[in-house]
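Read through the structure below, which is laid out as structure tokens, and then see the notes.
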Amino acid sequence: MTTMMRPGTHSFPLWKKAMNPMKPHPAARRTLLALGAALLCMSSAVQAQSAPASESAMVKLIRGLIDSGALKKDVGEALLAQAQTEAMAAAQARQVAAAPAAGPKLEPGDVRVPYISATVRDQIRDELKGEIMAQAKSEGWAAPNETPEWSKRIRIEGDMRLRGESRFYSGTNSNQQIDWRSINAGSGYDINSNSNLALPQLLNTQKDRANQMRIRARLGVFADVSESTKAGIRLATGSDDSPVSTTQTLGGGLNKKNVWLDQAWLSYRFNDMVSVVGGRFGNPFYTTDMLFSNDLNLDGVAARFSKPLANTDVSLFGTIGIIPLEYSSDSSPSRSQDKMSSQTKWLLGAQAGADWKLNAENKVRGALGYYEFKNIEGRVSSPCALYSGADGCDSDWSRPAYMQKGNTLMLLRNIALNPASPASTPQPQYAGLASKFQLLDINARWDTRVAGGYGLRLDGNYIRNLAYDQGEMFRRANGNVINNFGGTGATGQSDFKSGANAYMVQATFGKPELSVRDDWNVLFGYKRIEPDALPDAYNDSTFHQGGTNARGYYLGANYAIDKNTYLTGRWSATRSVYGAPLSIDTLQLELNTRF
């Protein structure tokens with residue numbers, strides 16, 4: 001068979017024009033892509049139907065697509081005109097080729113095939129493939145397993161902890177530790193022995209609690225709304241609404257467990273240096289768990305600042321926060337026409353610090369913070385005649401919303417006596433904080449390498465309550481301070497024992513942050529927290545079972561058994577600093593994982 005090898009035309013201008021300028025709707029575009037592919041195959045066929053038949057079929061195909069609505073009329077007419085023009089050009093080329101001088105004589109059955117070079121064919125294929133894939137990616141129809149764009153800005157994070165915990169109490173502990181948190185949550189405790197012979201609610205101080213199984217589970221959804229705006233929501237377990245622990249105790253008759261809203265926040269980054277977060281968010285300050293528990297989240301708004309210093313290995317950072325701790329009820333007293341004015345308790349915090357990379361093996365961090373807890377101290381009420389049906393006293397709002405133990409407490413209610421029976425008048429009391437709290441907080445950390453390259457981290461923290469004033473505390477309480485006295489039983493100011501200082505030191509040997517299998521570390525630390533060095537409500541709930549008026553050591557070890565999964569063992573031995581003896585040893589064994 002004789003084949004005439006001559007330059008010919010191809011369909012590249014047709015599909016190129018159709019793909020770019022006309023912009024038909026998605027269904028038409030997919031049809032055009034199929035049409036383009038068909039044209040490419042027809043143009044590169046080596047032996048097929050004759051050129052006139054192909055052109056006639058193409059014209060009919062385009063007309064049919066216009067009539068069926070698959071192509072917009074203007075797009076179809078443009079394609080039809082192009083096809084007709086190329087058909088005429090092809091016919092003319094065949095007439096020229098049929099002339100006697102055009103080349104070898106064709107025998108019956110021979111077919112003349114236009115020649116398209118390999119370079120042109122590759123160019124057409126690559127350009128067509130590129131446009132098809134670009135359109136497929138933008139419309140999402142050619143990659144069914146591809147996730148939507150918005151889902152790439154969402155991430156899910158969580159962690160899980162299984163814990164076995166045992167607490168051991170000394171048999172010489174005082175068995176008169178009053179549970180003021182429970183009393184404040186109820187209707188008060190009647191301190192008049194003439195009208196009440198029952199003991200107040202008391203804490204366990206002598207009976208061990210061994211092998212208690214507990215869990216913690218947290219699951220968060222975080223969104224990168226834009227380059228500047230982020231948002232997050234996290235749920236967590238918890239046996240109660242305590243702000244310092246999300247641990248859930250198992251048992252309880254196999255009942256279902258509680259899930260709480262642990263975080264809900266929005267943040268906006270103005271630039272590389274300044275960002276703001278609002279809602280309920282993780283602690284934005286650089287602190288230890290002596291001041292704020294690792295599980296504590298803060299409500300309110302905080303602004304953060306960070307800036308590396310040019311041509312140095314020093315980076316500055318700072319944080320300010322406005323944190324509402326508690327709002328008084330809008331309708332208190334509930335059974336009175338005369339409502340009390342609103343009261344709000346605040347935490348105002350400011351911190352500044354620096355990170356300094358001394359060399360490849362040594363880094364230091366230091367921070368100075370100031371935290372003022374406004375309006376959280378107790379107030380003695382004006383005389384309130386509860387015996388005549390008064391709905392509470394006007395200082396009831398000043399009792400702490402949450403407390404652990406250790407702070408110096410005072411009675412809040414000035415209860416009027418019933419003239420008819422003054423000695424038998426019930427006197428249900430609440431307790432409030434006797435001291436104000438304005439904290440100076442100093443933190444330091446040093447990361448280095450020792451013993452052939454092993455990591456060593458040293459942490460130190462010192463806190464001083466600048467507002468501590470023993471005389472003012474007794475004046476505020478009208479002499480009704482109710483705890484933190486010496487062991488003589490006397491309750492005068494000369495017998496009072498408290499303090500305004502707290503400090504801790506900790507050494508961690510190994511890898512401080514575990515991530516891959518066989519990572520490990522061991523740690524040892526010591527804390528001393530005087531009763532009024534800081535509010536007892538917000539610090540670590542494990543050391544001395546939470547709160548202040550505690551001193552002792554702790555040690556622990558962590559070993560990664562898999563990626564982001566590690567075993568932990570921790571032991572702490574603590575006792576009270578002042579007042580009645582209280583010694584507590586705590587053992588915790590854990591399996592932790594995060595994802």
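The values are calculated or read from the model by the stated rules, or taken from the named source; none is laboratory data. It should be emphasised that the depicted structure is a prediction, and the values quoted were computed from it without experimental measurement. Cβ placement follows ideal geometry from the backbone for every residue including glycine, while neighbour counts extend to all protein chains displayed. These accessible areas exclude ligands, DNA and RNA; they are computed on the full protein's heavy atoms, side chains included. Shrake-Rupley method; radii C 1.70, N 1.55, O 1.52, S 1.80 Å.
Things to note:
- Meets criteria (among the acidic types (Asp, Glu) and touching a strand residue (DSSP E or B) at 6+ places or on another chain (Cβ under 7 Å)) for Asp272: no
- Looking across region 237-272, the residues that are in contact (Cβ under 8 Å) with a residue 40 or more places away in the chain and of a type in the set (Gly, Ala, Ser) come down to Ser242, Ser245.
- Note on region 539-567: residues that are among the β-branched types (Val, Ile, Thr) and either without any contact (Cβ under 8 Å) to a residue 12 or more places away in the chain or open to solvent by less than 10 Å² (accessible area, probe 1.4 Å) (or both) amount to 1.
- Taking first residues from region 303-324 that are closer than 12 Å to Ser275 by Cβ and polar (S, T, N, Q) and partners that are in a strand (DSSP E or B) and open to solvent by 30 Å² or more (accessible area, probe 1.4 Å), the Cβ contacts under 6 Å between residues at least 6 apart in sequence or on separate chains come to Ser306/Phe317; Thr319/Arg304.
- Residue in region 506-514 that is of a type in the set (Ser, Thr, Tyr), in contact (Cβ under 8 Å) with a residue 24 or more places away in the chain, in contact with a strand residue (DSSP E or B) (Cβ under 8 Å, 6 or more places away or on another chain) and buried (at least 17 other Cβ atoms within 10 Å of the Cβ) present: yes
- Residue list for region 515-529, restricted to those being under 27 Å from Ala431 (Cα atoms) and open to solvent by 20 Å² or more (accessible area, probe 1.4 Å): Arg528
- None of Ala502, Ala550 is under 22 Å from Asp179 (Cβ atoms), among the small types (Gly, Ala, Ser) and in contact with a strand residue (DSSP E or B) (Cβ under 8 Å, 6 or more places away or on another chain) except Ala550.
- The set of residues from region 430-443 being assigned to a strand (DSSP E or B) and either surrounded by fewer than 24 Cβ atoms within 10 Å (Cβ to Cβ) or under 33 Å from the mean Cα position of the chain (by Cα) (or both) comprises Gly432, Leu433, Phe437, Gln438, Leu439, Leu440, Asp441, Ile442, Asn443.
- Total residues in region 372-429 satisfying the condition of being open to solvent by 30 Å² or more (accessible area, probe 1.4 Å) and part of a helix (DSSP H, G or I): the figure is 7.
- If the condition is being touching a helix residue (DSSP H, G or I) at 6+ places or on another chain (Cβ under 9 Å), at pLDDT 70 or above and open to solvent by less than 70 Å² (accessible area, probe 1.4 Å), then region 110-134 contributes Ile116, Val120, Ile124, Glu127, Leu128, Glu131, Ile132.
- Among the residues making up region 418-441, those that are in contact (Cβ under 8 Å) with a residue 24 or more places away in the chain and farther than 23 Å from Gln404 by Cβ are Asn418, Ala423, Ser424, Thr425, Pro426, Gln427.
- Only one of the numbered conditions (1) under 24 Å from Arg280 (Cβ atoms); (2) modelled with pLDDT under 95 is not met by Ser174, and that is (1).
- Counting only residues that are open to solvent by 60 Å² or more (accessible area, probe 1.4 Å) and either assigned to a strand (DSSP E or B) or touching a helix residue (DSSP H, G or I) at 6+ places or on another chain (Cβ under 8 Å) (or both), region 444-469 holds 7 of them.
- Selected residue [surrounded by fewer than 18 Cβ atoms within 10 Å (Cβ to Cβ) and modelled with pLDDT of 95 or more] from Leu591, Leu534: Leu591
- Any hit, region 282-299, residues being free of Cβ contacts under 8 Å to residues at least 24 places away in the same chain, within 16 Å of the chain's Cα centre (by Cα), at positive phi and in a strand (DSSP E or B): no
- Selection within region 175-212 - open to solvent by 70 Å² or more (accessible area, probe 1.4 Å) and not in a loop (DSSP other than H, G, I, E, B): Arg181, Ala185, Leu202, Arg209, Asn211
- Members of region 345-371 that are hydroxyl-bearing (Ser, Thr, Tyr) and buried (at least 18 other Cβ atoms within 10 Å of the Cβ): Tyr371
- Residues that are surrounded by fewer than 21 Cβ atoms within 10 Å (Cβ to Cβ) and either at pLDDT below 95 or more than 12 Å from Thr246 (Cβ to Cβ) (or both) within region 290-299 comprise just one, Asp299.
- Test: residue in region 483-499 that is open to solvent by 20 Å² or more (accessible area, probe 1.4 Å), out of contact with any His (no Cβ under 8 Å at 6 or more places or on another chain), on the phi > 0 side of the Ramachandran plot and not in a strand (DSSP E or B): yes
- A count restricted to region 550-595 and to residues that are closer than 30 Å to Phe496 by Cβ, assigned to a strand (DSSP E or B) and not β-branched (Val, Ile, Thr) stands at 10.
- Single match in Gly220, Gly238, Gly232 (criterion: open to solvent by less than 50 Å² (accessible area, probe 1.4 Å), of a type outside the set (Lys, Arg) and on the phi > 0 side of the Ramachandran plot): Gly238
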